[in-house]
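Student: What follows is a single structure, and I will ask about it in a moment.
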Amino acid sequence: MAFRKTDGCYYGIEWEYETGSFRVLLRFSAESGPQQKICNLTSCEETFGLHGDVLVTSIGEVIDVAEGGILNQLSFPQND
C-alpha cells in the first residue's frame, strides 16, 4: 500500500493469493467510503514510486495510479 499526498488517498494491490489468478490496483479514500477499482494488472510484482504517484510493475509498465493508464514502458528485464 502507498499513500498519495496529491489526492489524500491510499492505493493498494488486491490479488487472489491461492491461485494468483488476478491482481487489481485499488484506491481507498482517506476519510471513508468503498474501495474503487483503478485497473487490472498483468504483472506478478509491483512497487509504488514517486510519493505514490506511480506503480512500476515487474513487466516494465509505469502506471499512473490515479487514472490507471500506462505512462511509460521500461525495457526490462533485459537480456545480455
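Student: List pairs: first in region 5-31 and in contact (Cβ under 8 Å) with a residue 60 or more places away in the chain, second surrounded by fewer than 15 Cβ atoms within 10 Å (Cβ to Cβ) and not in a strand (DSSP E or B), Cβ under 9 Å, 6+ apart or cross-chain?
Tutor: What qualifies is THR6/HIS51.
Student: In addition: Any residue at all in region 56-73 that is surrounded by 11 or more Cβ atoms within 10 Å (Cβ to Cβ), assigned to a loop (DSSP other than H, G, I, E, B), of a type in the set (D, E, K, R) and touching a residue at least 24 places away in the same chain (Cβ under 8 Å)?
Tutor: The answer is no; no qualifying residue exists.
Student: Does GLU14 meet the test of being farther than 22 Å from LEU74 by Cβ, acidic (Asp, Glu) and touching a strand residue (DSSP E or B) at 6+ places or on another chain (Cβ under 7 Å)?
Tutor: Considered against the rule, which asks whether it is farther than 22 Å from LEU74 by Cβ, acidic (Asp, Glu) and touching a strand residue (DSSP E or B) at 6+ places or on another chain (Cβ under 7 Å), GLU14 comes out as yes.
Student: Give the residues of region 33-53 that are loosely packed, with under 11 Cβ neighbours inside 10 Å and touching a Phe, Trp or Tyr at 6+ places or on another chain (Cβ under 8 Å), sorted by residue number.
Tutor: ASN40
Student: In region 2-32, how many residues are over 14 Å from the mean Cα position of the chain (by Cα) and under 21 Å from ASP53 (Cβ atoms)?
Tutor: Adding up the residues that qualify gives 7.
Student: Would you please name the residue that is nearest to THR6 (Cα to Cα), looking only at residues in region 59-80 that are at pLDDT 90 or above and of a type in the set (Gly, Ala, Ser)?
Tutor: ALA66
Student: Could you tell me whether any residue of region 33-40 is among the charged types (D, E, K, R) and out of contact with any strand residue (DSSP E or B) (no Cβ under 8 Å at 6 or more places or on another chain)?
Tutor: Scanning region 33-40 turns up no residue that is among the charged types (D, E, K, R) and out of contact with any strand residue (DSSP E or B) (no Cβ under 8 Å at 6 or more places or on another chain).
Student: Let me ask something additional. For region 27-34, indicate whether the set of residues that are modelled with pLDDT of 90 or more and not in a strand (DSSP E or B) is non-empty.
Tutor: no
The values are calculated or read from the model by the stated rules, or taken from the named source; none is laboratory data. Fair warning: this is a prediction, and the values are worked out from it, not measured in the lab. Quick reminder, even Gly has a Cβ in these numbers, built from the backbone with ideal geometry, and neighbours come from all protein chains shown.
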